[in-house]
Amino acid sequence: MDLALYYINLVAYTSIAGMFLFFIVKKRKTHPFEQSSWEKMEKKCAKLILTNKNIKRVSGIMLEEIEMGLRQKSNKNADIKCYPTYVRNLPNGKEKGKFLALDLGGTNFRVLLIQLGETAPEKEFVSREFPLPDLIRTSSGEALFDHIAECLALFVKEFKVDKEIIPLGFTFSFPCRQEGLTKAKLVQWTKGFTCSEVEGRDVAELLQNAIHKRKDVHIKIMAVLNDTTGTLMSSAYKQPNCKIGLIIGTGTNACYVEKIENMELLDGDSDDSNQCIVNTEWGAFGDNGSLDFIRTDFDRALDSVTSNRGKQLYEKMISGKYLGEIVRRVLVSLAKDGLIFKDSSYKCLLEADKFKTKLISEIEKKPENDFTDCECILEELGLTDFTHEDCAKVRYVCQLVSRRAAFMAAAGVATLINKINEKHVVVAVDGTVYRLHPHFRHLMEQKIKQLIRPGLSFELILSEDGSGRGAALVAAVADRMKREEIYRNLLKKVFL
Ligand code: GLC
């Protein structure tokens, strides 16, 4: 009897245990894939995570490259060329008159008309944005400058200033070797521009010729500058501690105020100011292989299909022209390994540039568990049958790519702050990535704090439309300096 009871109990307990086991296995069976696929995904993306040690190393190498760039002897071998801008005088409020600005450097270009006066620094301000079709960005230099001159003419006619001679500041946001404020030879195109017969030539001259050819407007180019310089100038107008101009948009670059004694490349300029803005063109950092220790297969694959292969490697890890494309490449690679999007609809992501950088910001804007926007985005891209887990993975990849970009940019800014070595430095920032991404600024601030020398402090300020307004200001300062010079010469003639 006891034995029978023992067997009955044994059977009962075994079946209960069996049932438990069955449920556990069954439950696990719906998730084991997810569990291991998260881990596999993390492993595959691990190189996109920058350790503090690596970020410090990036900052250290960047400092060496900047020092090399500033020196005559080593400039040839430096990735960071540190071009002198010939912008040495900041606005002093005595600028007056109407000034035009032309801002060229991305997918659109803008024209602005600013009226500076004695009482208010910027009394009047009108602007127009003109699209720059792909066809023009990749055609000939002549077509590009003729198109710009035509839009300029339309603009001055619209605002009825076509009969006046108006000084123009030309923001040309590409690497240029400047030989003066109005002479800037394009070194090489970046950001997908490939117009023929511009590299090696003076872009101020090309634009001035295109304007003259039309004979219907009278515009005088007073200055050519980089967008970073415009950004710095327009903020320095209000904040004297502003010593760095930074762009994180379609491309990335920074300029900063350097002491003349450190600038061996600056010559032939009679100005007596003891400082000069240096356009670092830091986008080219890493072109000699110095960033290979952190570049991933995704970065290499992306670079291999760009029009400037092997060039602008730092920029290709940070800026808006590339971030979305990196995310797309990571997602495709994960999908091919069966780690995300289990149906074949992921193939819609095989098209280059399909995942725009602005989507990263849209996805990261929502709280962790809110997938509504992500679902809409994936649907619009053409994906079907995706799960919440897929959305979480897409978000994870976006975060990795944008964090890496923010930390890389932070390493650059910290390097400049340490180099300037002043107690408090204001950094004027502009660019769509910085402006639209919900955490970019915070991530950068956090990292810069960790990287700067103790005792130094900084502040990032947004400089909206600095590259446009800055160009008008540079033209205005150049105009004022010229008028002052004429006045000085006149006085000399009268009194000597
Ligand atoms: C690219 C250009 C640079 C510009 C930057 C931001 O890096 O080479 O001149 O400042 O983009 O627009």
Subset of segment 437-454 (residues that are open to solvent by 90 Å² or more (accessible area, probe 1.4 Å) and either under 19 Å from the mean Cα position of the chain (by Cα) or not assigned by TED's automatic domain parsing to the domain that holds residue 262 (or both)): 441, 442
Among the residues listed as 318, 260, the single one being surrounded by fewer than 18 Cβ atoms within 10 Å (Cβ to Cβ), under 30 Å from residue 73 (Cα atoms) and either within 15 Å of the ligand (Cβ to nearest atom) or of a type outside the set (D, E, K, R) (or both): 260
Neighbours by Cβ (under 6 Å, 6+ apart or cross-chain): first from segment 154-178, closer than 19 Å to residue 110 by Cβ and in contact (Cβ under 8 Å) with a residue 60 or more places away in the chain; second within 12 Å of the ligand (Cβ to nearest atom) and open to solvent by 20 Å² or more (accessible area, probe 1.4 Å): 171/103; 171/227; 173/227
Residue 266 being away from the ligand (no atom under 16 Å from the Cβ), in the same structural domain as residue 69 (by TED's automatic domain parsing) and either surrounded by fewer than 19 Cβ atoms within 10 Å (Cβ to Cβ) or not in a strand (DSSP E or B) (or both): yes
Qualifying helices (runs of 4 or more DSSP H) (wholly inside segment 338-440; at least 3 residues being free of Cβ contacts under 8 Å to residues at least 40 places away in the same chain): 357-365, 372-381, 388-420
Output for segment 179-210, where each listed residue is surrounded by 18 or more Cβ atoms within 10 Å (Cβ to Cβ) and within 12 Å of the ligand (Cβ to nearest atom): 184, 186, 189, 190, 191, 193, 203
Total residues in segment 305-315, condition surrounded by fewer than 18 Cβ atoms within 10 Å (Cβ to Cβ) and either within 16 Å of the ligand (Cβ to nearest atom) or closer than 19 Å to residue 79 by Cβ (or both): 4
Residue check, residue 287 assigned by TED's automatic domain parsing to the domain that holds residue 404 and of a type outside the set (Val, Ile, Thr): yes
Enumeration of residues in segment 455-469 that are modelled with pLDDT of 90 or more and either surrounded by fewer than 14 Cβ atoms within 10 Å (Cβ to Cβ) or not in a loop (DSSP other than H, G, I, E, B) (or both): 455, 457, 458, 459, 460, 461, 462
Hits in segment 216-248 - residues which are part of a loop (DSSP other than H, G, I, E, B) and surrounded by 24 or more Cβ atoms within 10 Å (Cβ to Cβ): 226
Filter pass, residue 213 being assigned to a strand (DSSP E or B) and open to solvent by 30 Å² or more (accessible area, probe 1.4 Å): no
Residue 81, sole failed condition from (1) out of contact with any Leu (no Cβ under 6 Å at 6 or more places or on another chain); (2) assigned to a helix (DSSP H, G or I); (3) at pLDDT 95 or above: (2)
Residue match in segment 446-456 (condition: among the small types (Gly, Ala, Ser), out of contact with any Phe, Trp or Tyr (no Cβ under 6 Å at 6 or more places or on another chain) and under 23 Å from residue 276 (Cα atoms)): no
Enumeration of residues in segment 68-122 that are of a type in the set (S, T, N, Q) and farther than 15 Å from residue 224 by Cβ: 72, 74, 75, 77, 89, 92, 107, 108, 115, 119
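The values are calculated or read from the model by the stated rules, or taken from the named source; none is laboratory data. The shown structure was predicted, so the numbers you read here are calculated from the model rather than taken from an experiment. Reconstructed Cβ throughout: ideal geometry from the backbone, glycine too, with neighbour counts over all protein chains shown. What goes into the accessible areas is simple: the full protein's heavy atoms, side chains included, and nothing from ligands, DNA or RNA. Shrake-Rupley method; radii C 1.70, N 1.55, O 1.52, S 1.80 Å.
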